[in-house]
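Rule-based calculations on the coordinates, nothing more; no lab input. It should be emphasised that the depicted structure is a prediction, and the values quoted were computed from it without experimental measurement. For neighbour counting, all protein chains shown are included, and Cβ atoms are generated from backbone atoms with ideal geometry for every residue, glycine included.
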Amino acid sequence: MGVNNCAIVIVGASGDLAKRKLIPALNALFLDGRLGEGSIVVGSGRSDFTDESFRSRFNFADSFRSRLYYHRYLPGLKKRLSTLGDFSRFIFFLALPPEVYTATARELSREGFGPGASIIIEKPFGYDFASSGQLNRELTSCFDESQIFRIDHYLGKEAVQNILVFRYANTLFYPIWNSRYIESIQISALEDSGIFERGAYFDRAGIMRDMVQNHLLQLLCLLTMEAPTSLSPEDIRLQKISLLRSMSIEASFRAQYNGYRAETGVNPESTTETYAELRLAINDFRWTGTTIAIRSGKGASRKGTEIGIRLRPLPKLLFNTRGDIAPNRIIFKIQPNEGIILDLSSKVPGTDAAISGTHMNFCYRDSFAGEIPEAYKRLLLDAIKGDKTLFVSAEETEAAWKLLDPVLDKGDLSYYHKGTMPESNLGVNWIDFEAYKGICG
């Protein structure tokens with residue numbers, strides 16, 4: 001059922017995010033009947049567009065483009081919207097640099113947008129623990145926390161949403177989801193390309209702020225948090241925060257690919273890391289003794305985001321008297337080619353007791369008809385409906401920053417050739433995720 005009488009305003013609508021992701025996601029929602037009667041999309045920015053010239057930027061059917069409008073800057077926006085309809089909900093997506101979030105929120109507040117309005121902001125939510133707290137205080141001086149949606153597009157990915165279903169809707173896995181059976185949890189998010197044209201932003205952030213603090217810690221929370229009492233946003237948030245507060249960082253490693261300092265927008269003497277690796281501990285009864293490892297990097301030898309769960313080895317009995325049977329593994333392929341893979345051991349046909357490794361695969365493309373929904377489509381719909389389940393709270397962001405603060409920009413910087421993997425000194429026995437490349441591909 002569609003959401004009626006909603007005005008969705010994209011502030012910064014002339015930018016790349018709006019053109020590539022946001023407007024197409026809203027068009028998809030319209031085609032699905034989710035943008036109901038009286039709902040419109042308004043672009044706002046510095047560019048001098050008319051309604052018609054703004055619409056001409058998008059190759060969509062006229063039935064959707066007729067719902068697109070443009071208003072230059074923010075002053076006068078509320079009056080303009082009053083001429084376009086009688087709206088019960090106002091959604092503002094700040095497709096802007098994070099440093100202007102506060103000023104924009106204040107301007108919207110001065111325009112008179114109050115209890116019926118919500119604002120959506122994208123990471124990074126601050127630069128460290130202190131700045132994230134300051135940002136949250138400034139935003140809540142203009143809007144209530146219930147009106148603020150902090151979007152992490154990883155949480156909108158179907159493969160990520162399936163993690164809790166995998167854990168809690170299958171009796172097979174819930175009993176073993178603890179340190180007694182699981183030896184290590186590994187999260188790997190790598191890109192084989194460099195930073196493209198993002199040098200000015202990336203050099204201020206680095207991979208730790210760009211990927212680990214938000215996307216990858218959120219994955220770890222979903223993998224390891226205790227069962228919420230319900231699927232309400234508040235109950236899920238409480239478990240994530242409790243989990244983040246129980247974590248500690250045991251060791252960290254930073255590296256930079258050769259040639260990074262020559263990238264456009266990068267300081268020629270930059271010490272920003274393009275690769276980071278962390279070894280963590282979760283200090284609670286469920287996970288004490290399980291190795292937790294996270295890595296992320298640009299210019300690596302491969303591309304892909306995966307989660308690897310390595311179970312503990314079998315005892316040296318029966319078929320494993322020599323101790324050479326590989327432990328079972330569970331692989332979550334987050335992107336590309338979403339799926340879940342179970343590594344098992346089986347008898348080789350025609351032999352007495354020869355054991356070979358094999359896979360059981362669940363591939364999204366084979367199991368479900370149609371395209372997997374784009375993350376922004378799901379998240380925008382949830383924001384329009386006021387559902388905060390897949391959004392990040394202020395308390396979560398501050399807990400994640402507090403965990404990472406001791407290692408941000410700290411430690412010696414190693415170097416690696418673009419297209420290779422850095423050799424870290426953390427001693428993590430990483431799963432060979434490349435071996436699963438062809439599965440679900």
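Taking Cα centre as origin and charging only the Cβ of basic (Lys, Arg, +1) and acidic (Asp, Glu, -1) residues, the dipole magnitude of the chain rounds to 360 debye. Each helix, a run of at least 4 DSSP H residues, gives -39500 (n - 2.57); summed and divided by the residues of the chain, these come to -7500 deg cm²/dmol at 222 nm.
Note on the chain: semi-axes of the ellipsoid equivalent to its C-alpha gyration tensor, largest first and rounded to whole Å, are 41, 25, 21. Magnitude of the charge dipole for the stretch 6-122, about its Cα centre and with charges confined to Cβ atoms of Lys, Arg (+1) and Asp, Glu (-1), is about 80 debye.
For the chain, the share of DSSP beta bridges that are antiparallel, to the nearest 5, is 55%.
What shape does the stretch 120-275 take by its C-alpha gyration tensor, where a ≥ b ≥ c are the square roots of the eigenvalues and a/c under 1.5 counts as rounded, a/b above b/c as prolate, and the rest as oblate? Don't skip to the answer; put the middle values down first.
On the way: a/c = 2.20, a/b = 1.37, b/c = 1.60.
Oblate, because a/c is 1.5 or more while a/b does not exceed b/c.
Would you please name the trypsin sites (Lys or Arg not before Pro) within the stretch 300-380 that are DSSP coil residues with at most 14 other C-beta atoms within 10 Å of their C-beta?
Values: sites: 302, 303, 310, 316, 322, 329, 333, 347, 365, 377, 378; in loops: 302, 303, 316, 322.
Answer in residue order: 302, 303, 316, 322.
Around the amide H of residue 92, modelled in the peptide plane, lie the amide H atoms of 9, 118, 119, 120, all under 5 Å away and 5 or more residues distant in sequence or on another chain.
Which FRET efficiency value, to the nearest 0.05, is calculated for residue 84 and residue 130 with the Förster distance at 41 angstrom and r the Cβ-Cβ distance?
With a Förster radius of 41 Å, E is 0.50.
Rounded, prolate or oblate: which one fits the stretch 130-209, using the alpha carbon gyration tensor with axes a ≥ b ≥ c (rounded when a/c is under 1.5, else prolate when a/b beats b/c, else oblate)? Don't skip to the answer; put the middle values down first.
Details: a/c = 2.39, a/b = 1.41, b/c = 1.69.
The shape class here is oblate.
Label reach from residue 249 (point 7 Å along Cα→C-beta): in the stretch 294-321, amide nitrogens under 19 Å belong to 294-298.
Checking every one of the trypsin sites (Lys or Arg not before Pro) in the stretch 1-66 against DSSP loop status and a limit of 13 other Cβ atoms within 10 Å picks out 46. Considering only 121, 334, 355, the mean-square fluctuation computed in a Gaussian network model of the chain, springs between alpha carbons under 10 angstrom, is largest for 355. Note on the stretch 278-434: with charges restricted to the Cβ of Lys and Arg (+1) and Asp and Glu (-1), its dipole about the Cα centre is near 280 debye.
Rounded to the nearest 0.05, the FRET efficiency derived from the C-beta distance between residue 196 and residue 59 at R0 = 22 Å is 0.40. A dipole drawn for the chain from +1 and -1 charges on Cβ atoms has a positive end, and of 300, 169, 260 the residue lying farthest that way is 169. Ellipsoid fit via the Cα gyration tensor, the stretch 6-122: semi-axes of 21, 16, 14 Å, each the root of five times an eigenvalue, largest first. The label-point distance for residue 229 and residue 20, in a model that sets each label 7 Å from Cα toward Cβ, rounds to 4.3 nm.
Taking a ≥ b ≥ c as the square roots of the eigenvalues of the Cα gyration tensor of the stretch 207-360, is the shape rounded (a/c under 1.5), prolate (a/b larger than b/c) or oblate? All intermediate terms of the calculation are to be shown ahead of the outcome.
Numbers: a/c = 2.19, a/b = 1.41, b/c = 1.56.
Since a/c reaches 1.5 but b/c is at least a/b, the shape of the stretch 207-360 is classed as oblate.
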